[in-house]
Structure formats: structure tokens, C-alpha cells
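Written out below as C-alpha cells is the structure these notes cover.
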Amino acid sequence: MEQERTARTGSEPQGKRICRRCLTREMAGQERTYETIRQYIDGLDSSERADGKLYERRLEGCKACEKLLEGMCLACGCYVEIRAAKASQDCPYGRWKSCDVEDQTDQV
Ligand code: SF4
């Protein structure tokens, strides 16, 4: 609660920032949410996960998208960090098409 209050007043703990187009991992006051997201991703079977480079390219696409609001996609209601982590998922507007090239390296 204190962290939320701090975030809303603009004081930015640990050098993190408040941003409508930020990912959960980047937002002050969202550390617990990101930890939960991270645990979920870590629990995915490796065969389900997008590789690390694909994951980051998808998230860069989301950060440039007007549908991103504080880590969530307004089109589908998902936390984009979860949606992007699943190899089989796609952007509801098809905006990840250019990201989804064959590039199987390390996983998320
Ligand atoms: S999943 Fe698609 S529509 Fe949603 S924020 Fe990302 S790029 Fe935008």
C-alpha cells in the first residue's frame, strides 16, 4: 500500500518510473505483481515458452503500442509479459508478426 501511495505521488523508489506504456517489470510499486508474473513464466514448460529474443522483441512492440496501459494490453486484458512469454500466443491485432521470425536461442 505504501509503495502504491509512493508511486502515485511521483516518488520513484529504486530508480523505477511511472509510465502508462511501461511493462510491469519497469514500474515502481509493481514489484510484487512482476514477481508473480515471473513465477508464472518460470513455471511454464520449456516447450511452451518463447525464446528470450522473441520475448524481448514482442515486448518492445507492446511498448510502442497505444493499447499498452501499465503492463496490460487493453485489447485482450492480459499482462503482456505473460502473453509474450508463451510461444503460441499472438497479439490480438497481429502486431507481433514482424517479431515472430525463426530465432530459437535461449528461452525467457
Ligand atoms: S499485445 Fe498487441 S495490442 Fe496488446 S499491447 Fe501488445 S502490441 Fe498492443
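Quick notes
- Test set (1) more than 8 Å from the ligand (Cβ to nearest atom); (2) over 14 Å from Cys22 (Cα atoms); (3) modelled with pLDDT of 95 or more - Arg83 fails condition number: (1)
- Test: residue in region 66-73 that is assigned to a loop (DSSP other than H, G, I, E, B), surrounded by fewer than 16 Cβ atoms within 10 Å (Cβ to Cβ) and within 10 Å of the ligand (Cβ to nearest atom): yes
- Hey, Arg38 in a helix (DSSP H, G or I) and within 16 Å of the ligand (Cβ to nearest atom) or not: no
- Members of region 6-25 that are surrounded by fewer than 16 Cβ atoms within 10 Å (Cβ to Cβ) and either modelled with pLDDT of 90 or more or part of a helix (DSSP H, G or I) (or both): Thr6, Arg8, Thr9, Pro13, Gln14, Gly15
The values are calculated or read from the model by the stated rules, or taken from the named source; none is laboratory data. This structure is a prediction, so every number in the text was calculated from the model and none was measured. A quick note on method: Cβ atoms are made from the backbone with ideal geometry, for glycine too, and the neighbour counts reach across all protein chains shown.
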